[in-house]
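Since the structure comes first, as structure tokens, the remarks are kept for the end.
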Amino acid sequence: MPFYPWKEGVKPHIEHHKGKPVQSLEELFMSQQNDENIEATTVDVEEQVETAAEQAQAAEEVSVEETSTQETLVASLTEELAAAKTEAVELKDQMLRIQADAQNIRRRAEADVEKAHKFGQEKFSRELLSVLDNLERALLASPEDEATKDLRAGIDMTLQSFISTLAKFNVEAIDPQGETFNPEHHQAMAMQENADFPPNTVMAVMQKGYSLHGRLLRPAMVMVSKGAPSIDENA
């Protein structure tokens, strides 16, 4: 049985609720409850909307912060990458320089070893040249007769054997008889006018020169022509 907030025997007073006539207090009570429900629902909706707006704003702020953080991280990583590339280029350049230096050192070492093999006996070979000179002088000083025939043969055999042995070690004679004077290999001991030889020509070899693997051991001592004397046609 519905509850009515009036006393028994009292006729209910007809009122208007929101511009509409209310036939009974029951209708008025129900109308008020509907209004309260609508207001509560409206409040709930407004609260939900406000909450949703706050959540959206918070999410937007978080998104902005995350975006800013990501941009900062990307910028930092970009700088680190650029620095790493620069360092890699510098290290590569250093490595190439080190490799080039190592190759140069190896080549110089190989050249030094080769020179040591070629010219290690340079001093020894130079000392042997005096022995060779003495054998040649002995052969020239021996008279060509029957008494000295065997002696000359022995000296010549020793001389040829000595020359052959030096040749095995690339010791070669420089005998520029009749050649153009070369100041790099020849040492001019005298100059003489001679119509039989062109100017600046080796007329005579006083002492042979020698080289070791193309390097000069001793220059040849020579006499050089300076051409025929001029003739005075008016004489």
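To the nearest 20 debye, what charge dipole does region 116-187 have about its Cα centre, counting +1 at the Cβ of each Lys and Arg and -1 at the Cβ of each Asp and Glu? Don't jump to the answer; show the numbers that get you there.
On the way: 7 positive and 13 negative charges, 78 e Å.
The dipole magnitude comes to about 380 debye.
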task: Arrange the peptides 146-158, 79-91, 197-209 so that the one whose residues have, on average, the most other Cβ atoms within 10 Å appears first.
output: 197-209, 146-158, 79-91
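With a cut-off of 8 Å between alpha carbons and a minimum separation of six or more residues, what is the relative contact order of region 99-235 in percent? Please list the in-between numbers first.
Details: 175 pairs, mean separation 29.7, N = 137.
Computed value for region 99-235: 22 percent relative contact order.
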statement: Computed ³J(HN,Hα) along region 84-90: with the Karplus parameters 6.51/-1.76/1.60, θ = phi - 60°, integer Hz and x for glycine or proline, the list is 5, 5, 4, 5, 5, 5, 5
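Which of rounded, prolate, oblate describes region 101-235, given a ≥ b ≥ c as roots of the alpha-carbon gyration tensor eigenvalues and a/c under 1.5 marking rounded, otherwise prolate only if a/b is larger than b/c? Intermediate results must be reported in sequence, preceding the final value.
Working: a/c = 4.11, a/b = 1.27, b/c = 3.22.
Oblate is the answer for region 101-235, as a/c is 1.5 or above yet b/c matches or exceeds a/b.
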message: Positive end of the dipole of region 112-169, charges at C-beta (+1 Lys, Arg; -1 Asp, Glu), about the Cα centre: which of THR148, PHE119, SER130 has its Cα farthest in that direction?
response: PHE119
- request: Provide Rg and Dmax in Å for region 155-222, with only Cα atoms included in the calculation.
  value: 13.7, 40
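What does the extension gain come out to for LEU139 and LYS85, with contour length at 0.36 nm per residue minus their alpha carbon separation? Don't skip to the answer; put the middle values down first.
On the way: separation 54, 0.36 × 54 = 19.44 nm, distance 7.91 nm.
Length gained between LEU139 and LYS85: 11.5 nm.
Here, each number is a calculation from the coordinates, and none is a lab measurement. Remember, predicted model here, so these are calculated numbers, not experimental data. Cβ sites come from the backbone with ideal geometry, for glycine too, and all protein chains shown count toward neighbours.
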